[in-house]
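Novice: The structure that follows is given in the form of structure tokens.
Any read-out appearing in this document is the output of simple, stated calculations on the displayed coordinates, not a laboratory observation. Since we're looking at a predicted model, the values are computed, not measured. Quick reminder, even Gly has a Cβ in these numbers, built from the backbone with ideal geometry, and neighbours come from all protein chains shown.
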């Protein structure tokens, strides 16, 4: 029989049980606090679809009370689109298997939804224990990152430059479409994992690319504006301007590099052409038979060509560093002192000087001086050309420098540019567009493109825009002219384009609207058309007037005789009593009509003699291109080329623009008719402007036709004098009258043996 425990033992057991009770109560309170204080959503539920226990996080995150959460089937909180996935997870739990992770959206008390990430496990008693975490912010961030990546991908696909990035071993990690096309690949994905040795480049080119990669990553410093060559997949070798920068981790160590290159083949070709041109110019400089000097603003000789030393007898050390006036006669020094100060303003001058050689010989020189501006537009050097010839020959050297500018995108563009989603919602717009329309970015982003203020003036315009967006969404670029309502409620005409941006599957992901303001261009074109019509009208009126004036002159004599005959006949008849009264009356009426015709002709000549006198200061070099454009059709029909050589250095003349254009048209047409009549296979007309020695603006029109016969050269400017089979011979006389009315003179080169040359001078406007 078991021995009964003693009283002390029982007391000890009771104390131990009470201690265990306290311990369990403490643990329960701790677990309960942990349960309710957890930031994660903790719950117990049944497979019948109800929560049994939820912690405070459920209330805090979803906004529902604990009572609502416990009394409502939890599937009613699940987003409709996520119910199928949630049901599938419940079915897995019903089998006794835990669900380690799944996501769904739960409805909040305000009607919004939160993204939740669940971990759940079933118990043997048919309960479910689950933990949920609010991942809404993470989801939003993922969506933002995706949109940014899509936008970046779109930009990389549309920029004109090739963009690529590599790892430490120069293995391609990514690139845009441009470099993939250059390598002959279908897309950037085919480039990933390859090196330059796997592509179409030549071996030595790949070696150079890899060496540059290594230098950038080893040094941690970028290499900018590397000029290199590339043999592309189509066999074409191009010149590239490449920049490479290191990709650094948090410790500053390069884990790769980013590169970008532009095709500068055209620029390199232009530079090579320029170098060849400079070499040719240097050769020309040394082989020229003229004296050529380069001087500074004080007149110090910096350079002289070989002909100077050969003909003058001076040695190089006797010329360089000396003032150019040292070699002029005393009279020529005075000429130089008078003309050289004005060279800075005019940029060009010409004078006759005497050059004194080393042996005392004096050479008569025609001296031309040209100011040469530096990159800042300042005149720092001057070119002096002296010719030992009697006949004037003009030479002009044109050197054009062009620099290729990189086109920036978006806000730096002068064009109006935006970004739309395929549905036509405005995602972004450059500052130029916002400023022109007069709206703030935050007020228009997210709007339907056709609902923006600039299209509000017309329902028809908005419908046309909707149709254009629908067409572009199908992958078809759209272009048309449209009117845009700008700030200040002004309508401007724009050249509007809408370009689709495709993803790799050919789906339109973005639309790029672009607008170029062509309002002024269209107005200028309309003005030009009206101006050409005015010129043609004046030419016709003037020609008709001159013809009428000539005809009046020719008809006046017989009309005068007719009046005299009629008066004599009337006097004789009045002395004879037997003259029939009817005859006297008829002759009287004939005399009256003859007098009346004379009055009409006199009034006609007075009317024709009146002309426009609207004169204003104008640059003659700016007028001539418009005349050439006006005669373009006649020139093309005559198979003749026209060359314009401007040389007036922006000097202005006070003229009636229409009348001087008429003179130019008459002179050019005279050359065209001469070339056409002579059937010259390569007819050419040269229009040249210059400043004469007497400070007059001089314009010449020369052709390579048969020239002018000596027998008629002195009568060319007389009315109704011509050497052509057709025409009345009034154009030259009319032109001379116009020029002389402007205090100028018009002439023909009588001694010219190769073609004809007409010229006129007009005084410079003071």
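Novice: For segment 608-678, what does the alpha-carbon gyration tensor say about shape, rounded, prolate or oblate, given a ≥ b ≥ c as the root eigenvalues, a/c under 1.5 as rounded, and a/b over b/c as prolate?
Specialist: Details: a/c = 2.74, a/b = 1.46, b/c = 1.87.
Taking the square roots of the gyration eigenvalues as a ≥ b ≥ c, segment 608-678 is oblate.
Novice: Still on this structure, please answer the following. Which residues in segment 619-659 have a backbone N closer than 17 Å to a point placed 7 Å from the Cα of residue 743 along the Cα-to-Cβ line?
Specialist: Within reach of a label on residue 743: 619-620, 651-657.
Novice: Taking 7 Å along the Cα-to-C-beta vector as the label spot, tell me the residue 300-residue 66 distance in nanometres, rounded to one decimal.
Specialist: 9.8 nm
Novice: Right, here's the next one. Calculate how large, on average over all directions, the projected area of the Cα convex hull of segment 410-517 is; give the answer in nm² to one decimal.
Specialist: Details: hull surface 24.8 nm².
It is 6.2 nm².
Novice: Provide the FRET efficiency to the nearest 0.05 for the residue 215-residue 265 pair, computing r from the beta carbons and using R0 = 30 Å. Kindly include the intermediate steps, with their values, before the conclusion.
Specialist: Working: r = 25 Å, r/R0 = 0.82.
Computed FRET efficiency for residue 215 and residue 265 comes out at 0.75.
Novice: Related question: Place a point 7 Å from Cα of residue 643 in the direction of its Cβ. Which residues in segment 670-686 have their backbone N less than 18 Å from it?
Specialist: Of the residues in segment 670-686, 671-672, 675, 680-686 have backbone N under 18 Å from the label point off residue 643.
Novice: On to the next question. May I ask for log10 I(q)/I(0) of segment 616-763 at q = 0.15, 0.16, 0.21 Å⁻¹, from a Debye sum over the Cα atoms as equal point scatterers with solvent left out?
Specialist: -0.74, -0.85, -1.48
Novice: Mind checking Rg over Rh on segment 71-141, alpha carbons, Kirkwood formula for Rh?
Specialist: On the way: Rg = 12.6 Å, Rh = 12.8 Å.
Radius of gyration over Kirkwood radius for segment 71-141 works out to 0.98.
Novice: Here's a follow-up. May I ask you to order 666-678, 97-109 by the average number of other C-beta atoms within 10 Å around their residues, highest value first? Please report the intermediate quantities before stating the final value.
Specialist: On the way: 666-678: 21.0, 97-109: 15.2.
Packing order, densest peptide first, comes out as 666-678, 97-109.
Novice: What nm value, rounded to one decimal, do you get for the distance between residue 102 and residue 53 when each label is placed 7 Å out toward the C-beta?
Specialist: 2.3 nm
Novice: Can you give the extra length, in nm with one decimal, that the chain gains between residue 487 and residue 91 once fully stretched, where that is 0.36 nm per residue apart less the Cα-Cα distance? Don't jump to the answer; show the numbers that get you there.
Specialist: Numbers: separation 396, 0.36 × 396 = 142.56 nm, distance 6.25 nm.
136.3 nm is the gain from fully extending residue 487 to residue 91.
Novice: If you don't mind, there's one more thing I want to ask. Sorted by packing (mean other beta-carbon atoms within 10 Å per residue), highest first, where do 304-315, 425-436 land?
Specialist: Values: 304-315: 16.4, 425-436: 18.2.
Top to bottom by mean Cβ count within 10 Å: 425-436, 304-315.
Novice: How large, in Å, is segment 34-91 by the Kirkwood hydrodynamic radius built from its alpha-carbon pairs?
Specialist: Working: mean 1/r = 0.0832 Å⁻¹.
Here the Kirkwood hydrodynamic radius works out to 12.0 Å.
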